[in-house]
Amino acid sequence: MRPLSAKLSAIAPSATIEITEKARRMQAAGTDVISLSIGEPDFPTPAHITKACIDALNRGETHYTAGKGIPELLSAISDKIVQENRIPCTPEQVIVGCGAKNSIYEACEAVLSPGDEAIILDPSWVSYEPFVQIAGGIPVHHPMHPETFQLDDTLVEKVNEKTRMIIINTPSNPSGVILNNDSLRLVADICQDHDLIVISDEIYEKLTYGKIHVSIGSFPGMEDRTVTVNGFSKAYAMTGWRLGYAVASKEIIAYMNKVQQHTISHPTTFAMYGGVAALKGPQECVEEMRYEFERRRSFVLKSMDEMGLSYAPADGAFYAYVKVGGDDAKVAAHWLEKGHVAVTHGSAFHHPGWIRISYAASMDRLEEAMNRISAVL
Ligand SMILES: Cc1ncc(COP(=O)(O)O)c(C=O)c1O
């Protein structure tokens, strides 16, 4: 038989999913593994959101609907983007996808032509490189500053005539870092000077600890150059709903919609009513979850201090990103095999020598995990 797709043969499977599955296999075999490798809130979806979806099902909202998303959700998203993110937006500039993941992929397809380069900032979330590759582009990696995890002028050295896009992620998975104003300004200037598009992945926007999240799309001159991506998974504990969205110029949205029409058609109709309830309903649930993450974050960072491990500025998201040095994959394997704690090695994020610890787990489990890590160290 002839070989399967050459394009896909070059793409590695998701490291985070692999580690989580290995931990699940160990659990199924009877080992008490504490899984701190997954990027998923451990809270139930708030009841008013679930109810809105059930009501939609009971009303019979179970058929095909508008391709870019139900009008109520497009309006709710554009209102949110104008009010909270200070980005000029109309419902025509919104497309709802099956998770932020789907929206970022569609944006890569919409912007990149074969051979175009996309700059990815390391440590980078596991899926950016495959998105660019599947879209026919060439990923170009650029390291963040090793201590501050911010950007400096060296970024422009990665730009050439083939560069078409920069992908940023703030707050970041895996580092937790929030890009400061200087870093955002630099990206905005480079995009304007070199006619580039920025994809700004803001999925962890609501999970911040003392620092303020700013959207690059709100910078003057960036409205038409920015694809702002967000979703419901992290802020509203809705990972399984597969609901996310992108906001961009009408031209980019029209191209993303071509991909959407010929692939997913649209996200699940009744799930989108849950999305409307999330954005339009009470927001206390978001703050309650954020507060609980902040409590766990303080505990995990204190434990790292006690173990003498240094970590990236943990401004947001729900990750402690810890420097271990040496062969990070070996360290993670050791923690899993000897301590029965699953974490993700930094090489998965193109950043060797580091480990990502997700604190999206109960305080009891985190306490036990920290004891186990301390013992294997
Ligand atoms: C940085 C980042 N972007 C996007 C996503 C995808 O989110 P969604 O569940 O909305 O597809 C994740 C999920 O882990 C993430 O960490």
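The values are calculated or read from the model by the stated rules, or taken from the named source; none is laboratory data. Values in this document were obtained by computation on a predicted structure and should not be read as measured data. Here the Cβ positions follow ideal geometry from the backbone for every residue, glycine too, while neighbour counts run over all protein chains shown. Ligands, DNA and RNA are excluded from the accessible area calculation, which covers all protein heavy atoms including side chains. Shrake-Rupley method; radii C 1.70, N 1.55, O 1.52, S 1.80 Å.
Would you mind stating whether Leu74 is farther than 30 Å from Ile212 by Cα, assigned to a helix (DSSP H, G or I) and either open to solvent by 80 Å² or more (accessible area, probe 1.4 Å) or not assigned by TED's automatic domain parsing to the domain that holds Trp354 (or both)?
When the stated conditions are applied, Leu74 does not pass them.
Look at Ala333 and say whether it is surrounded by fewer than 23 Cβ atoms within 10 Å (Cβ to Cβ), at pLDDT below 95, of a type outside the set (Phe, Trp, Tyr) and touching a Ser or Thr at 6+ places or on another chain (Cβ under 9 Å).
The answer is no for Ala333.
Any residue at all in the stretch 203-210 that's more than 16 Å from the ligand (Cβ to nearest atom), under 17 Å from Pro313 (Cα atoms) and assigned by TED's automatic domain parsing to the domain that holds Val96?
Yes, that holds for at least one residue.
Let me confirm something: among Ala29, Ala47, which residue is loosely packed, with under 13 Cβ neighbours inside 10 Å and within 30 Å of Glu337 (Cβ to Cβ)? It would help to see each step written out before you state the result.
Values: Ala47 fails: within 30 Å of Glu337 (Cβ to Cβ).
Result: Ala29 is the single residue among Ala29, Ala47 that is loosely packed, with under 13 Cβ neighbours inside 10 Å and within 30 Å of Glu337 (Cβ to Cβ).
When you check Ser347 against the structure, is it under 22 Å from the mean Cα position of the chain (by Cα) and more than 19 Å from Phe293 (Cβ to Cβ), yes or no?
Working: under 22 Å from the mean Cα position of the chain (by Cα): yes; more than 19 Å from Phe293 (Cβ to Cβ): yes.
Spelling it out, Ser347 is indeed under 22 Å from the mean Cα position of the chain (by Cα) and more than 19 Å from Phe293 (Cβ to Cβ).
Matching residues to (1) open to solvent by less than 40 Å² (accessible area, probe 1.4 Å); (2) farther than 28 Å from His350 by Cβ; (3) free of Cβ contacts under 8 Å to residues at least 24 places away in the same chain:
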| position | (1), (2), (3) |
| --- | --- |
| Ala246 | yes, no, no |
| Ser265 | no, yes, no |
| Thr269 | yes, yes, no |
| Cys285 | yes, yes, no |
| Ser303 | yes, no, no |
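Ser127 is checked against (1) in contact (Cβ under 8 Å) with a residue 40 or more places away in the chain; (2) more than 11 Å from the ligand (Cβ to nearest atom) and fails just one. What number does that condition carry?
Tallying (1) in contact (Cβ under 8 Å) with a residue 40 or more places away in the chain; (2) more than 11 Å from the ligand (Cβ to nearest atom), Ser127 fails exactly one: (2).
Suppose the filter is within 14 Å of the ligand (Cβ to nearest atom), of a type in the set (Asp, Glu) and either under 17 Å from the mean Cα position of the chain (by Cα) or in a loop (DSSP other than H, G, I, E, B) (or both); does Glu161 pass it?
On the way: within 14 Å of the ligand (Cβ to nearest atom): no; of a type in the set (Asp, Glu): yes; either under 17 Å from the mean Cα position of the chain (by Cα) or in a loop (DSSP other than H, G, I, E, B) (or both): yes.
Here the answer is no, as Glu161 does not meet what is asked.
Scan the stretch 145-167 residue by residue and report those that are within 18 Å of Gly346 (Cα to Cα) and open to solvent by less than 30 Å² (accessible area, probe 1.4 Å).
Scanning the stretch 145-167 gives Phe149, Gln150.
Using beta carbons and a limit of 9 Å, which pairs, at least six apart or on different chains, have the first residue in the stretch 96-123 and at positive phi and in contact (Cβ under 8 Å) with a residue 24 or more places away in the chain and the second one away from the ligand (no atom under 16 Å from the Cβ) and open to solvent by 20 Å² or more (accessible area, probe 1.4 Å)?
Correct list of pairs: Gly115/Gly136; Gly115/Ile138; Gly115/Lys162.
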